[in-house]
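The values are calculated or read from the model by the stated rules, or taken from the named source; none is laboratory data. Here the structure is a predicted model, which means the values were calculated and not measured. Neighbour counts are summed over all protein chains in view; Cβ atoms, including those assigned to glycine, are modelled from backbone coordinates with ideal geometry. Quick note on the areas: whole protein, heavy atoms, side chains included, nothing else; ligands and nucleic acids left out. Shrake-Rupley method; radii C 1.70, N 1.55, O 1.52, S 1.80 Å.
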Amino acid sequence: RTATARANGDRGELQLPPLDLVRLRPLSALLPLPAAVQQWIKNAQPAGTIETARLRWGGRWQQPLWQGVQLRFAGLTAQASDEIPGLSPLDGELSATPAGGSLSVAGRALRLTIPRLFAETFSLGQVTGKLDWQQQAGEWQLKLARLQLDGPDLTGELSGLYRSDHGNPYLELQGRFS
């Protein structure tokens, strides 16, 4: 399969074929990524498949402005690295623009590692959930809509809302666990 790129005046779009993250890891060193992202890739060793990817941009081709991304991924795995948890395997979809986006995830036989908080790895039979975010007037709002966890180590449901609220953060969480 091949990548498809289209440009029309001051807009463009790139659609990529399925991508194997293991094969892409060595190429990340050649990309203009922030040092923290480069370090995370080195430490976390992400794997899995980006099944579909669509990137949109605007502006002049010499200095494009990012307008949006849509991804569908499968079998995503990553080792725990610094403050970022590790997980395996996870499927999902991501849709984002500079103003906001959403992330939907689903996983079976998921393993979640959070070494800074827990000595043991959590095993979950099934995970589903959705996170939406948006930015308005420089303020962020995140909404976690019904994250469901079901497994031998942890079963429950969590939802919540976070707003940055002009330097006075607001967090509301609701959960039920057994």
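The table for this structure:
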| item | result |
| --- | --- |
| Distance between modelled label sites at S95 and A7, nm, 7 Å Cα→Cβ extension | 2.7 |
| Label-zone membership for region 138-161, site Y170, 7 angstrom Cα→C-beta point, backbone N under 20 Å | 138-146, 159-161 |
| Long-range amide H partners of Q45 with built H, under 5 Å | Q79 |
| Relative contact order %, region 139-178, counting alpha carbon pairs below 8 Å whose residues are six or more apart | 39 |
| N43/R108 FRET efficiency (R0 25 Å; Cβ-Cβ; nearest 0.05) | 0.45 |
| Computed [θ] at 222 nm, deg cm²/dmol, the chain (DSSP H ≥ 4; -39,500 (n - 2.57); rounded to nearest 500) | -3000 deg cm²/dmol |
| Most mobile listed residue (D20, D82, D132) in the chain, GNM with C-alpha springs under 10 Å | D82 |
| Surface per residue (accessible, 1.4 Å probe) for region 75-155, Å² | 59 |
| Region 2-143 - percent of accessible surface contributed by carbon and sulfur, probe 1.4 Å | 57 |
| In sequence order, calculated HN-Hα J values of region 134-147 (Karplus, 6.51, -1.76, 1.60; Hz; x Gly/Pro) | 8, 10, 9, 6, x, 10, 9, 10, 10, 10, 9, 9, 6, 6 |
| Contact order relative to length of the chain, as percent, for alpha carbon pairs under 8 angstrom and 6 or more apart | 12 |
| Placed amide H near D153: partners under 5 Å, 5+ positions off or other chain | S123 |
| Crossing angle, helix 35-44 versus the chain [Cα axis fit, 0-90 degrees, rounded to tens] | 50 |
| Chymotrypsin sites (Phe, Trp or Tyr not before Pro) lying in DSSP loop within region 90-152, provided at most 16 other Cβ fall within 10 Å | F118 |
| Within region 135-152: backbone nitrogen closer than 16 Å to the E120 label point (7 Å, Cα to C-beta) | 150-152 |
| Compactness of the chain, expressed as Rg and Dmax over alpha-carbon positions, Å | 18.1, 56 |
| Alpha-carbon centroids, region 8-64 and region 119-172: separation in whole Å | 25 |
